[in-house]
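**Student:** Dropping the structure in here first, questions after.
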Amino acid sequence: MDNFDIARLEYAVDGLRRNISSVRSNINELINREEETNMRETKRDPILWALAIIGVIAAVAAIAYAVYRYFTPDYLEDYDDDYDDRFDDDFFEDEEEETKPEKKED
């Protein structure tokens with residue numbers, strides 16, 4: 001019976017060693033996965049920060065430009081109106097003179 005018990009114990013010890021090695025490999029895989037995800041996240045962080053800063057600067061610039069355009073008067077519009085009025089009157093006066101009937105003297 002001693003041989004039988006020793007063989008069973010050796011088989012049980014071998015099984016435990018296999019289980020321990022599989023547990024170690026699983027733990028190592030989990031640690032490696034966690035390190036990989038941490039590395040990926042740390043690689044993304046600077047890129048995300050840079051894009052966020054660029055986005056904020058672009059938004060502030062767009063708002064500043066919109067406010068500037070809203071509050072700045074349009075001088076060209078006034079110039080065009082004055083310029084067009086001078087020439088429009090001349091053309092209309094010429095046409096009116098041509099189409100006016102002449103008065104008959106009796």
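**Student:** How far apart, in nm, are two points set 7 Å out from the Cα along the Cα-to-Cβ line at residue 14 and at residue 52?
**Tutor:** About 5.7 nm separates the two model spin labels.
**Student:** Net charge within 12 Å of residue 37 by Cβ-Cβ distance, Lys/Arg positive one each and Asp/Glu negative one each, not counting residue 37 itself?
**Tutor:** 0
**Student:** Residues in the range 12-27, backbone N under 20 Å from the label point at residue 40 (7 Å along the Cα-to-beta-carbon vector): list them, ranges by number please.
**Tutor:** Under 20 Å, as judged by backbone N against the label point of residue 40, lie 26-27 of the range 12-27.
A short reminder: the numbers here are calculations on the coordinates, not readings from a lab. Owing to the predicted nature of the structure, the values given are computational and were not obtained by experimental measurement. In this analysis, Cβ positions are derived from the backbone assuming ideal geometry, glycine residues included, and neighbour counts consider all displayed protein chains.
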